[in-house]
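What follows is a single structure, written as structure tokens, with notes after it.
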Amino acid sequence: MTTAPTSDASLDDINSLLVEAVNARDFALLDDVVDPAASEEVRDRLRLMAERWPRLMLSRAEIGLEPVAAMWFPDERERYRQSGHLEVRVNGAGMLEGVDVVETSPPGMLAERLSGERLADWERTPRTWISTNRPP
């Protein structure tokens, strides 16, 4: 009998790792918490987000007690504005099995603001999306 992999990470931990992975453009940061059965789906979702929104930044946020990731995009004056959020889906074993894009956020969502220094550093650093465990 085989046992499904489990993660010791909480929903908040997984959400924070998602924020870090997207901002660093490094999917490997999620390797320990992604359900192997959903790995390809999660990576494909993140890759499609990168293609659609190459300058997307995330920050940690909450809707009530639910952790989410606030999405930030530059406007026409190059100032980042919050628009929408990501919700993580976690299975019964505590493993990440999906990421859902929600294009509008409720008024009660509390999001960390992106600091000017953090944005300036991110914009100066060339980034490429890193995808692991996939053939070239």
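A Stokes-Einstein calculation at 4 °C with viscosity 1.567 mPa s, built on the Kirkwood radius of the stretch 11-124 over Cα pairs, returns a diffusion coefficient of 90 µm²/s. The phi-based Karplus calculation (6.51 cos²θ - 1.76 cosθ + 1.60; θ = phi - 60°) puts the 3J(HN,Hα) values of the stretch 83-92 at 8, x, 7, 10, 10, 9, 10, 10, 7, x Hz, whole numbers, x for Gly and Pro. Note down the net charge around residue 52, summing +1 for each Lys or Arg and -1 for each Asp or Glu among other residues with Cβ under 13 Å from its Cβ. Local charge sum for residue 52: 0. For residue 89, the amide hydrogen comes within under 5 Å of the amide hydrogens of 97, 98, 99, 100, counting only partners 5 or more places away or on other chains and with H modelled in the peptide plane. In percent, rounded to a whole number, the relative contact order of the stretch 11-124 is 24, using alpha-carbon pairs under 8 Å and six or more apart.
Taking Cβ atoms as reference points and 9 Å as the exclusive limit, the residues near residue 87 contribute a net charge of -1, counting Lys and Arg as +1 and Asp and Glu as -1.
Electrostatic tally near residue 100: other residues with Cβ closer than 14 Å to its Cβ, Lys and Arg +1, Asp and Glu -1, net -4.
Values in this text are rule-based calculations from the coordinates and carry no lab data. Given the structure is predicted, the values throughout are model-derived calculations rather than measurements. As a convention, Cβ positions derive from the backbone with ideal geometry for all residues, glycine included, and neighbour counts pool all protein chains shown.
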